[in-house]
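Data first, discussion second: the structure below is written as C-alpha cells.
The values are calculated or read from the model by the stated rules, or taken from the named source; none is laboratory data. Source: prediction; values computed, not measured. Cβ coordinates were reconstructed from backbone atoms using ideal geometry, including for glycine residues, and neighbour counts include every protein chain displayed.
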Amino acid sequence: MAAAGTCGTGTRSTGSMVAAASTNNVTSFQRRGPRASGADSGCSRLVSIAGTRPSVRNGQLLVSTGLPALDQLLGGGLAVGTVLLIEEDKYNIYSPLLFKYFLAEGIVSGHALLVASAKEDPADILQKLPAPLIDDSYKKECDEDVCSHKMEPDIKMKIAWRYQLLPKMEAGPVSSSRFGHYYDISKRIPQELIETSKWHGFFLPEKISSAFNVESCSLTPGYMKLLQFIQNIIYKEGFDGSNPQKKQKNILRIGIQNLGSPLWGDDICCTENCDTSHSLTKFLYILRGLLRTSLSACIITMPTHLIQNKAVIARVTNLSDTVVGLESFIGSEKETNPLYKDYHGLIHIRQIPRLNNLIYDISDVKDLAFKLKKKLFTIEVREFLCLSSQS
Amino acid sequence: VTPSEGVRRGTGRILGMLESLLALGGLVLLRDSVEWEGRSLLKALVKKSALCGEQVHVLGCEVSEEEFREGFDSSINNRLVYHDLFRDPLSWSKPGKALPGGPLEALRALDKRTGSGPATIALDSLSWLLHHLPCPILCQTLHALSRQDSCPGDTLPGEQVRVLGLLHEELHGPGPLGALSSLAQTEVTLSGTMGQASAHILYRRPRQRPTLQTQWFSILPDFSLELQVEPLLESQPPSDLHTPSVDPTTHLTFNLHLSKKEREAKDSLTLPFQFSSEKQQALLRPGLGQATSHIFYEPDAYDDLDQEDPDDDLDV
C-alpha cells in the first residue's frame, strides 16, 4: 500500500508547502495535491471495512466467525485470506451450526456471501440461518439460563478493594456495527436481511451436466467448476482489487459444505487408495492461493471421519490454515459418562496459523467442550470434577 | 442415543415399525448379512407401501422377476413396476425388454419416471450397483433420487420419494458403507440371536439428534411383519456398575470439611486486600504512633554514611 501517499498530517502542511514553494521557487519538489479521496482513506494504512478489525497481535485483518467464543479461541477472529476447516462430527449435527453462524455473521456485517454445496440448495441454506440477537434479548437469555441452572448458595466473591471500583467487563452483544454478534438458533433470519445481502450460490447438481464424461484432468469436475466459479466471482466483483473504480471494499465470505463427500464426486471417502486422491489437496491448494490474493475468508466443513486414508487427513490439515474438530458424544460411550454429562461434545482446536509471525497464537486452554442449548451454541472450558459428588 | 429394549406393548405397534421406517422418507438403507437376510424385510416394506396406494418401482438386479414377485398377491403385483436388470445386465440382446445404457441409465430413468405423488423405489441390491458403478456416482444419483421435493423447507411426509436400498454389508469395506450411511435418513442393520431376527434402526431426522431403536421381529410368509419379544439372554455379563464406589474423600491428609466454628472464624478473618476501617486509618495517617516496620542498620567500617558524595572513599 502506498504509505508515502497522502497522509492526514501531510494534507495540513500541503497548503503551507505549496505556498512556500510558490513564493520561494527554490525547491523543485512539489507535493502532490490532495487527491479526491474516494473510498481509499489514505490516512490509515489499514483498510476500514465494516465487520472487520485488525488483530492486536500482528495487525492482520480479522473477521468474526459468528461465534464470539470461537473468535476468542482463534486469537481474535479469522484472518482475511485464510481457510477455516471444520472437521464434521459423526452425524453432522453441530458442524452445520458453525457454518450457519459464519454466513449469518456475513449478512449482518454486510459482507458478500458465496455458498457452495452439493447436498442442499444454497437458497435453502440461507433461509435457515439464525436470527441475530439485539442487546436486550441476549441479556434475557443469559438470565434465563442462569436461573434454570442449579446453583449452589451464593458465595459472595471477595474482591480486592482496589478493583471494586473498576467497571465490570461486559461480554454481551454489541451494536451491529461492531465485531461479533450473537444469534438465536431457534428463530430464522428475517427475510429482508437476506434480500438486502449480496450472495452467490453454487449448487453442484445444477452446475454439472448430466453427461458424465470422465475428463482426464487431475481435479474432479465438481471441484474444477467450483474453483472457476469462485475465481469468476472474485474477479467480477473486484475482491482482488482488479476493478479499482468499483465501490467500497468489502469482504467475500465463502462457505463450502461437506467438501470431500461422495456428493462432490470425490471418492476419497469411499476407498483407501483412490485414483483421484490428490484432487482434494489440489483443490485446497488452489483455493488458498485464490484467497490469499483477495479480500475473502472461507469456511469449509469436511467429513474427515469418513476419509479412509489417514495420510490424506494430515495433508488436508496442513493445507488449511485454521482447523477445528468437533467430536459429538452421540452414539459413543461418552454419552453416558458422568464426566461429560453437561456437554454435547468436545471441540479440538487442531491448528492455528502463523501469519506474518514466528509464534503461534494458541490459547492456554485445550480442554474445551460445547453445548447446544435451546437458543445458543456455547463453548466452555470443561470443568473436571475430580471428586465425584455423592449426592 | 437411547437404546430401547424390544417392544413389549403388543399388537398396537405391529404397524409401527414398517410405517416408521417409511415415514421419514429419503434413503432407507437395509444392511443385511449372510446369516440375517434382508430381502424379506424389503419385500415387506414394498408390500406395505403398495397397500398404502403408492407407486412402487423395483429395480431388480440380483434375483429374477418371478422370484421377486413370488409371495405377493395379485393386487400388489399390479401396483409393482418392475425394472429388470437381472436378465440382461449388459444389454446384449437388442432393444427389447432390457433397459439400454446399463444401471446408471436405469437409475436416471427412475428419477424421471416418478413424476407426481408419493412413490417408493426399491433397489434390490445396492451392492450390485456398487460393484458396477463408482461409489461417488452412485451416491450422487441416489441423492438426486431421494431429493424429489420441489418445495423447499419442510415437505409433507406423504409427498416424498422413498428409496429403499438393500446392502450386503459383508461385501464392502468401511468406505462405501460409511459413505452410504451418511446419505441415508434411516439405517436398519439386521442381526439377531438364537434364531430371532432383530433390527437396529437409526433414525436421522433433520435438525434433530439421531435416535437408535432395536426391535425384534419376524416376517410371515405373506410378507407382513410381526414383532417379537426380546429373547432372554442366558448369560448376562456381570455389570461393572455394581462395584462398590470408593469414596475419595476419606483418608486425606488435609481437611476438606469445616466445622461451624472454623467457618465462623474464616468468615470473620480480614484479608489483607480488603478494605476496612483500620486500613483506611493506616493509610490516612501513616506512621503516626504506629511504627509498623523497623529497619535495623549497623554500619560497617567501609560503609559510606555520606549520601552526597559516593566516591568519598576513593583515593583520587
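Take the conditions over 10 Å from the mean Cα position of the chain (by Cα) and surrounded by 24 or more Cβ atoms within 10 Å (Cβ to Cβ) and apply them to residue A:105. Does it pass?
Details: over 10 Å from the mean Cα position of the chain (by Cα): no; surrounded by 24 or more Cβ atoms within 10 Å (Cβ to Cβ): yes.
Here the answer is no, as residue A:105 does not meet what is asked.
If residue A:293 passes every condition in (1) over 17 Å from residue A:85 (Cα atoms); (2) within 11 Å of chain B (Cβ to nearest Cβ) but one, which one does it miss?
If we test residue A:293 against (1) over 17 Å from residue A:85 (Cα atoms); (2) within 11 Å of chain B (Cβ to nearest Cβ), just (2) comes out false.
From the residues in the stretch A:289-319 that are β-branched (Val, Ile, Thr) and under 20 Å from residue A:237 (Cα atoms), which one is modelled with the lowest pLDDT? Let's see the steps before the verdict.
First, pick out the residues of the stretch A:289-319 that are β-branched (Val, Ile, Thr): A:293, A:299-301, A:304, A:307, A:312-313, A:316-317.
Next cut, under 20 Å from residue A:237 (Cα atoms) only: A:293, A:299.
Numbers: A:293: 92, A:299: 96.
Of everything passing the filter in the stretch A:289-319, A:293 is modelled with the lowest pLDDT.
Answer yes or no as to whether residue A:301 is within 13 Å of chain B (Cβ to nearest Cβ) and either surrounded by fewer than 19 Cβ atoms within 10 Å (Cβ to Cβ) or hydroxyl-bearing (Ser, Thr, Tyr) (or both). Lay out the reasoning, then the answer.
Working: within 13 Å of chain B (Cβ to nearest Cβ): yes; either surrounded by fewer than 19 Cβ atoms within 10 Å (Cβ to Cβ) or hydroxyl-bearing (Ser, Thr, Tyr) (or both): yes.
Criteria met by residue A:301.
Just wondering, is there one or more residues in the stretch B:58-77 that are under 18 Å from residue B:146 (Cβ atoms) and surrounded by 15 or more Cβ atoms within 10 Å (Cβ to Cβ)? Walk me through how you get there before you give the answer.
Filtering the stretch B:58-77 for residues under 18 Å from residue B:146 (Cβ atoms) gives B:58-59.
Checking the rest, the ones that are also surrounded by 15 or more Cβ atoms within 10 Å (Cβ to Cβ) come to B:58-59.
The answer is yes; a qualifying residue exists.
Which pairs turn up if I take residues in the stretch A:324-345 that are farther than 23 Å from residue A:313 by Cα and look for partners that are among the basic types (Lys, Arg) with beta carbon separation below 6 Å, at least 6 apart in sequence or on another chain?
A:340/A:334; A:343/A:371; A:344/A:371
Filter the stretch A:318-354 for residues that are assigned to a loop (DSSP other than H, G, I, E, B) and either hydroxyl-bearing (Ser, Thr, Tyr) or within 14 Å of chain B (Cβ to nearest Cβ) (or both) and give the result.
Across the stretch A:318-354, the qualifying residues are A:320, A:329, A:330, A:331, A:332, A:337, A:343, A:344.
Scan the stretch A:267-288 and tell me whether some residue there is at positive phi, surrounded by fewer than 22 Cβ atoms within 10 Å (Cβ to Cβ) and modelled with pLDDT under 95.
Step one: of the stretch A:267-288, the residues at positive phi are none.
No, that holds for no residue.
Within the stretch A:324-363, can you find the residues that are acidic (Asp, Glu), in contact with a strand residue (DSSP E or B) (Cβ under 8 Å, 6 or more places away or on another chain) and surrounded by 14 or more Cβ atoms within 10 Å (Cβ to Cβ)? If you could, list the steps in order and put the result at the bottom.
To start, the set of residues in the stretch A:324-363 that are acidic (Asp, Glu) comprises A:327, A:333, A:335, A:342, A:361.
Narrowing further to those that are in contact with a strand residue (DSSP E or B) (Cβ under 8 Å, 6 or more places away or on another chain): A:327, A:342.
Scanning the stretch A:324-363 gives a single hit, A:327.
Could you list, in sequence order, the residues of the stretch A:71-126 that are polar (S, T, N, Q) and either over 25 Å from residue A:205 (Cα atoms) or at the interface with chain B (Cβ under 10 Å from one of its Cβ atoms) (or both)?
Of the residues in the stretch A:71-126, the ones polar (S, T, N, Q) are A:72, A:82, A:92, A:95, A:109, A:117.
Matches in the stretch A:71-126: A:72, A:82, A:92, A:109.
On the given criteria, is residue A:248 within 26 Å of residue A:51 (Cα to Cα), within 14 Å of chain B (Cβ to nearest Cβ), touching a residue at least 60 places away in the same chain (Cβ under 8 Å) and not aromatic (Phe, Trp, Tyr)?
no
State whether the residues of the stretch B:6-26 include one that is basic (Lys, Arg), modelled with pLDDT of 90 or more and not in a helix (DSSP H, G or I). Show your work before the answer.
To start, the set of residues in the stretch B:6-26 that are basic (Lys, Arg) comprises B:8-9, B:13.
Still in the running and modelled with pLDDT of 90 or more: none.
Within the stretch B:6-26 (the criterion being basic (Lys, Arg), modelled with pLDDT of 90 or more and not in a helix (DSSP H, G or I)), the answer is no, since none of the residues qualifies.
Run down A:388, A:363 and say which single residue is out of contact with any helix residue (DSSP H, G or I) (no Cβ under 6 Å at 6 or more places or on another chain), at pLDDT below 85 and polar (S, T, N, Q).
Working: A:363 fails: out of contact with any helix residue (DSSP H, G or I) (no Cβ under 6 Å at 6 or more places or on another chain).
On inspection, the qualifying residue turns out to be A:388.
Is at least one residue of the stretch A:355-364 closer than 29 Å to residue A:60 by Cα, in contact with a Gly (Cβ under 6 Å, 6 or more places away or on another chain), more than 14 Å from chain B (Cβ to nearest Cβ) and in a strand (DSSP E or B)? Show your work before the answer.
Taking the stretch A:355-364 as the starting set, the residues that turn out to be closer than 29 Å to residue A:60 by Cα are A:355-364.
With the extra rule that they be in contact with a Gly (Cβ under 6 Å, 6 or more places away or on another chain), the set shrinks to A:361.
Next cut, more than 14 Å from chain B (Cβ to nearest Cβ) only: A:361.
From what is left, the residues that are in a strand (DSSP E or B) are none.
No, because not a single residue in the stretch A:355-364 is closer than 29 Å to residue A:60 by Cα, in contact with a Gly (Cβ under 6 Å, 6 or more places away or on another chain), more than 14 Å from chain B (Cβ to nearest Cβ) and in a strand (DSSP E or B).
Quick check on this structure: which one of B:130, B:80 is under 23 Å from residue B:175 (Cα atoms) and at pLDDT 75 or above? Talk me through it step by step, then tell me what you get.
On the way: B:80 fails: under 23 Å from residue B:175 (Cα atoms).
The unique qualifying residue is B:130.
How many residues, within the stretch A:343-380, are more than 17 Å from residue A:87 (Cα to Cα), over 19 Å from the mean Cα position of the chain (by Cα) and aliphatic (A, V, I, L, M)?
Going through the stretch A:343-380 one residue at a time, the tally reaches 4.
All but one of (1) modelled with pLDDT under 90; (2) assigned to a loop (DSSP other than H, G, I, E, B); (3) under 21 Å from the mean Cα position of the chain (by Cα) hold for residue A:185; state the number of the condition that does not hold.
Among (1) modelled with pLDDT under 90; (2) assigned to a loop (DSSP other than H, G, I, E, B); (3) under 21 Å from the mean Cα position of the chain (by Cα), residue A:185 violates only (2).
Looking at (1) touching a Leu at 6+ places or on another chain (Cβ under 7 Å); (2) modelled with pLDDT under 80, find the lone condition where residue B:240 falls short.
Of everything listed in (1) touching a Leu at 6+ places or on another chain (Cβ under 7 Å); (2) modelled with pLDDT under 80, residue B:240 misses just condition (1).
Report whether or not residue A:97 is modelled with pLDDT of 95 or more and either out of contact with any Cys (no Cβ under 7 Å at 6 or more places or on another chain) or assigned to a loop (DSSP other than H, G, I, E, B) (or both). Give the steps one after another, and end with the answer.
Values: modelled with pLDDT of 95 or more: no; either out of contact with any Cys (no Cβ under 7 Å at 6 or more places or on another chain) or assigned to a loop (DSSP other than H, G, I, E, B) (or both): yes.
It is false that residue A:97 is modelled with pLDDT of 95 or more and either out of contact with any Cys (no Cβ under 7 Å at 6 or more places or on another chain) or assigned to a loop (DSSP other than H, G, I, E, B) (or both).
If you go through the stretch B:194-221 one residue at a time, how many are in contact (Cβ under 8 Å) with a residue 40 or more places away in the chain, surrounded by 12 or more Cβ atoms within 10 Å (Cβ to Cβ) and away from chain A (no Cβ under 14 Å)?
Of the residues in the stretch B:194-221, 7 are in contact (Cβ under 8 Å) with a residue 40 or more places away in the chain, surrounded by 12 or more Cβ atoms within 10 Å (Cβ to Cβ) and away from chain A (no Cβ under 14 Å).
Matching residues to (1) within 14 Å of another protein chain (Cβ to nearest Cβ); (2) modelled with pLDDT of 90 or more:
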position: B:115; (1), (2): no, no
position: B:123; (1), (2): no, yes
position: B:165; (1), (2): no, yes
position: B:178; (1), (2): yes, yes
